[in-house]
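Only one structure is covered here, and it is reproduced in the block below.
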Amino acid sequence: MTNFRFLLFILGAAFIFLSCSEGEKDRLNFEEQGREVPEFNADSAYHFIERQLDFGPRNPNSKGHQQAKRYFLNTLEQYAGARYVYSQDFTAKGYNGDTLALSNIIASFNPQSSDRIMLCAHWDTRPRADKDSANQDKPILGADDGGSGVGILLEFARLFEEQPPPIGVDIVLFDGEDYGKEGDLSKYFLGSRHWAKNPPVEGYSPRFSILLDMVGGQNAQFPKEGYSMQFAPALVNEVWSIADEEGFDELFIQQMGSKISDDHVVINRILGIPTIDIIRHNPSSNNSQFAPYWHTHNDNLSIISKKTLDGVGKTLLELIYNRISVSD
Ligand SMILES: [Zn+2]
């Protein structure tokens, strides 16, 4: 990685973008463009989840965390080119006086384009299993909570290399999302907060951003998450309408969900980038909010569904390749 050259390049791109200043109103307008959309491969996305789980739990300061970081950097460098992959390393205070060594991992595709979008997920996994009946103090594997979003984004990276997207795309893998103890929001979203307060690119201004969290479980349902509807309703409605057209209406359900604190709230509030969260949760408050395996040791490979991965992957590729009008 030559981080310095990467930064110089992106700074240049951001400057060009600011000087062109495309109309704000066009940035969340979508229509069919008649472009070819690459085929999402759910087996490959599944494989990218499996590989992460091979490292064990990826909670901060663990061996699995270190190994997974190296794996993400190597994999993304293979697809984006080493010049366009960047590890934003930082530390944060953990519990019991621990210092956490954390890294946000960023990869840029179609880097010459000043007109960009952003896709993100958290790559860390939870250091405890608060919702389990046993071994609550042990870290979880996080197949869905962490692994699935990253798995889909790595599959996108593979496809972006094969068939470059019509717009610039930045993949950002946030660290330290799921570190906090229940009820202590100050120790959640460590990576997205650091990234938003110290953007690697001054004035970074993608058209929009999409966060993927718990997007690979069996029987998943994605209601329209509340903060996403508050900050970027046009984008939510476009994604859900594509899913409906593609036959994934049982996955992306036409119901309002609840407001969920996640990395997208940080990005919306600190940087004002319209960001939505595709996140599995139950629309009705009568049930428990999340999947039965959430924050337990059952969040392992056995609950991952290729059908769910396929629905999310195909919907988003249609958006990225075929619904965004690009002027040049
Ligand atoms: Zn979680």
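A few comments on the model shown:
- Segment Glu32..Asn198, full-extension length gain: 56.2 nm, with 0.36 nm per residue of separation and the alpha-carbon distance subtracted.
- Using a Gaussian network model of the chain in which every pair of alpha carbons under 10 angstrom is joined by a spring, one finds that among Ser62, Ser108, Ser148 the greatest mean-square fluctuation is at Ser62.
- Mean-position separation - Cα centroids, the stretch 67-105 and the stretch 170-192, in angstrom: 14
- Of Lys187/Lys224; Lys63/Lys93; Lys197/Lys224; Lys69/Lys197, those spanning more than 24 Å from alpha-carbon to alpha-carbon: Lys187/Lys224; Lys197/Lys224
- Near Gln254: Cβ cut-off under 12 Å, other residues only, Lys/Arg at +1 and Asp/Glu at -1. The net charge is -2.
- Fully extending the segment from Glu182 to Gln67 would add 38.7 nm, taking 0.36 nm per residue of separation and subtracting the current Cα-Cα distance.
- Fraction of beta bridges assigned by DSSP in the chain that are antiparallel (%, nearest 5): 50
- Net charge of the neighbourhood of Val265, taken over other residues with C-beta under 11 Å away and scored Lys/Arg +1, Asp/Glu -1, is -1.
- With the cut-off at under 20 Å, measuring from each backbone N in the stretch 47-65 to a point 7 Å along the Cα-to-Cβ line of Asn96 picks out 57-65.
- Cut-off 14 Å between beta-carbons: net charge of the residues surrounding Asp244, Lys and Arg +1, Asp and Glu -1: -3
- Label point distance in nm, Asp54-Arg269, each placed 7 Å from Cα along Cα→Cβ: 3.9
- Extension gain from Glu162 to His47, taking 0.36 nm per residue of separation minus the Cα-Cα distance: 39.6 nm
Throughout, read-outs are computed from the coordinates displayed, never taken from laboratory work. If you're wondering where the values come from, they're calculated on a predicted model, not measured in any experiment. With ideal geometry, Cβ positions are generated from the backbone for all residues, glycine too; neighbour counts draw on all protein chains shown.
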